[in-house]
Amino acid sequence: MPKVIRGMKDILPDEVSRWQKIESASRDVFRLFGYRQIRTPALEETALFVKSIGGETDIVQKEMFSFRDRGERDVSLRPEGTAPIVRAYLEASLHKTSPFQKLYYLGAMFRAERPQAGRMRQFHQIGAEAIGSPDPAIDAEIIALEARILDSCGIKDYILRINNLGCKDDKKRLSRTLKDALTDKKAMLCDDCKRRLAINPLRVIDCKKDNCRDALRGTLKNIKFLCEGCIGHFDSVKALLDILRIKYLLDPYIVRGLDYYTRTVFEVSHSRLARGQDAVGAGGRYDNLISDMGGPELGACGFALGIERMIMAMGEGASDFGGGEAYITAYIAAVGEAAHKRGFGILNDLRSAGIACDMDYEAKSLKAQMRSADKSKARFAIIIGDEELASGEAVVRNMATKEQRRVKLEDIVSSIGTPCHD
Ligand code: ATP
Ligand code: MG
């Protein structure tokens, strides 16, 4: 029997209603904050990600599903949403109509990582990008937006960590300082980090191996690499978060696994998730990405939440949030071929009137069909057999009160009345 691909997962009907609730709660929050949805393809040119995320990052080095297509083009399944959105923004010249755009997305991302709890090869993100403003209020808004979505999904006790990476020059200074500090400890580093130390030292901070973490300990404390502009920007972000009463921890080890970040970076973690993959969401400012991709000099900031990890963070609370099935209003229990045909017509009339309904397609007995009606949580069962066809009246049973009445076949739609607004 064919099997689902390792690290990928089917989301079965029982789980889907939870996903839909998370998605719709997020959409409501995005609308509240003035963000509009954007949808980009799952497949992009590989070069887009190499250039934006960075050639020395884990994502580009090890995690992309990349292949050469039939037209000899190098393409990759998107591992993240920001680079494709910036590409779309520039390609559609959105900056020419209005440089400042607040965008959001929901969709599948792909990374060929070692599958573990909370780490999949196809996972799903909810994210936002505010493109076209250097204002620290945007950093605070993006963080507030992420927090509001978690709140609206009933996710509590998450921890927000923030850090200031500074601008391009500051990051270079930080890289140099880190390189100097780690040169003595080079023997402790993993092979990847030895290479990273030479090419892109900041990536060492992102390594999850214990030895590399030990080597790093203490190296980032009290080092001065930030320029005045970046210090001022971050002070404003913190002051604005205080106004919003959003609690945060300052963590110099938050650098994020993508090269394009500048100034504010942040991660939201939850203790319900396993160490090493406890980030529910993350993001930051990326002030050089748009110009690096050939566009104008524009500041931008964004975040992405992982839906699978949001569900894990919900824990027990998840059962109140979604679960259950979509209920129908009426179930038609028809016995015999002629009654089934007539019932099928009534089913269609009910649906045309906006009334959610269903019937049996397995030639079940009346008793079994009534059990199905019960299971479907329908408010009414409409019973039609040969006798009802002859008299032109169906039996309509109120499933809660068990009260039964006879209703003319042509009056069933009006008698069932209120449309279902599911
Ligand atoms: P991690 O440190 O866990 O590898 P990351 O820094 O690679 O995360 P981002 O690229 O910032 O993650 O993605 C944002 C969010 O997407 C993460 O916080 C997480 O919730 C989710 N995410 C990332 N990779 C995966 C994955 N392989 N499986 C499931 N969710 C993921
Ligand atoms: Mg990762």
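When you look at residue 65, is it within 14 Å of ligand 1 (Cβ to nearest atom), over 14 Å from the mean Cα position of the chain (by Cα) and more than 19 Å from residue 119 (Cα to Cα), yes or no?
When the stated conditions are applied, residue 65 does not pass them.
Quick check on the range 156-166. Is at least one of its residues aliphatic (A, V, I, L, M), in the same structural domain as residue 315 (by TED's automatic domain parsing), buried (at least 20 other Cβ atoms within 10 Å of the Cβ) and part of a helix (DSSP H, G or I)?
no
This table checks each residue for (1) out of contact with any Pro (no Cβ under 9 Å at 6 or more places or on another chain); (2) closer than 23 Å to residue 217 by Cβ; (3) more than 9 Å from ligand 1 (Cβ to nearest atom).
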position: 239; (1), (2), (3): no, no, yes
position: 248; (1), (2), (3): yes, yes, yes
position: 253; (1), (2), (3): yes, yes, yes
position: 270; (1), (2), (3): yes, no, yes
position: 306; (1), (2), (3): yes, no, no
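Do the conditions hold for residue 173, that is, is it open to solvent by 40 Å² or more (accessible area, probe 1.4 Å), touching a residue at least 40 places away in the same chain (Cβ under 8 Å) and outside the structural domain of residue 314 (by TED's automatic domain parsing)?
So residue 173 passes the test.
Give the residues of the range 57-86 that are within 16 Å of ligand 2 (Cβ to nearest atom), at pLDDT 95 or above and either surrounded by fewer than 16 Cβ atoms within 10 Å (Cβ to Cβ) or not in a helix (DSSP H, G or I) (or both), sorted by residue number.
Once the filter is applied, which keeps residues that are within 16 Å of ligand 2 (Cβ to nearest atom), at pLDDT 95 or above and either surrounded by fewer than 16 Cβ atoms within 10 Å (Cβ to Cβ) or not in a helix (DSSP H, G or I) (or both), the range 57-86 yields 64, 65, 76, 77, 78, 79, 80, 81.
Anything in the range 118-139 that is within 16 Å of ligand 2 (Cβ to nearest atom) and either modelled with pLDDT of 95 or more or open to solvent by 30 Å² or more (accessible area, probe 1.4 Å) (or both)? List them, or say none.
119, 120, 121, 122, 123, 124, 125, 127
If you check residue 114 against the conditions, is it open to solvent by 30 Å² or more (accessible area, probe 1.4 Å), within 21 Å of residue 278 (Cβ to Cβ) and assigned to a loop (DSSP other than H, G, I, E, B)?
Criteria met by residue 114.
Spot the failing condition for residue 190; the list is (1) touching a Ser or Thr at 6+ places or on another chain (Cβ under 7 Å); (2) free of Cβ contacts under 8 Å to residues at least 40 places away in the same chain, and only one is missed.
(1)
Does the range 189-224 hold any residues that are in contact with an Asp or Glu (Cβ under 7 Å, 6 or more places away or on another chain) and open to solvent by 80 Å² or more (accessible area, probe 1.4 Å), and which are they?
Within the range 189-224, just 199 meets the criteria.
Which residues, counting only those in the range 145-155, are open to solvent by 10 Å² or more (accessible area, probe 1.4 Å) and closer than 15 Å to residue 279 by Cα?
Hit for the range 145-155 is 147, nothing else.
Here are some conditions: (1) within 16 Å of ligand 2 (Cβ to nearest atom); (2) buried (at least 22 other Cβ atoms within 10 Å of the Cβ); (3) not in a loop (DSSP other than H, G, I, E, B). Residue 142 meets all but one. Which one does it not meet?
(1)
Just to be sure, is residue 267 open to solvent by 30 Å² or more (accessible area, probe 1.4 Å), assigned by TED's automatic domain parsing to the domain that holds residue 111 and either in contact with a Leu (Cβ under 8 Å, 6 or more places away or on another chain) or at pLDDT below 95 (or both)?
Criteria met by residue 267.
Which pairs turn up if I take residues in the range 145-170 that are over 12 Å from residue 264 (Cβ atoms) and look for partners that are polar (S, T, N, Q) and part of a strand (DSSP E or B) with beta carbon separation below 8 Å, at least 6 apart in sequence or on another chain?
The qualifying pairs are 158/269; 159/269; 168/262.
Is it the case that some residue within the range 87-96 is under 21 Å from residue 259 (Cβ atoms), open to solvent by less than 30 Å² (accessible area, probe 1.4 Å), at pLDDT 95 or above and within 22 Å of the chain's Cα centre (by Cα)?
Scanning the range 87-96 turns up at least one residue that is under 21 Å from residue 259 (Cβ atoms), open to solvent by less than 30 Å² (accessible area, probe 1.4 Å), at pLDDT 95 or above and within 22 Å of the chain's Cα centre (by Cα).
Please indicate, with yes or no, whether at least one residue in the range 353-365 is at pLDDT 95 or above, open to solvent by 60 Å² or more (accessible area, probe 1.4 Å) and of a type in the set (Ser, Thr, Tyr).
Yes.
Condition (residue is touching a helix residue (DSSP H, G or I) at 6+ places or on another chain (Cβ under 7 Å), under 17 Å from residue 134 (Cα atoms) and within 16 Å of ligand 2 (Cβ to nearest atom)) applied to the range 203-223: is it met by at least one residue?
no
Just for the range 238-264: of the residues that are open to solvent by 50 Å² or more (accessible area, probe 1.4 Å) and in a loop (DSSP other than H, G, I, E, B), which one is nearest to ligand 2 (Cβ to nearest atom)?
Result: 253.
So is residue 315 out of contact with any Ser or Thr (no Cβ under 6 Å at 6 or more places or on another chain), within 16 Å of ligand 2 (Cβ to nearest atom) and of a type in the set (Gly, Ala, Ser) or not?
Answer is no for this residue.
The values are calculated or read from the model by the stated rules, or taken from the named source; none is laboratory data. Just so it is clear, the model here is predicted, and its values are computed rather than measured. When we count neighbours, we look across all protein chains shown, and the Cβ atoms used for this are built from the backbone with ideal geometry, even at glycine. For the accessible areas, the whole protein counts, side chains as well, though only heavy atoms, and no ligand, DNA or RNA atoms are used. Shrake-Rupley method; radii C 1.70, N 1.55, O 1.52, S 1.80 Å.
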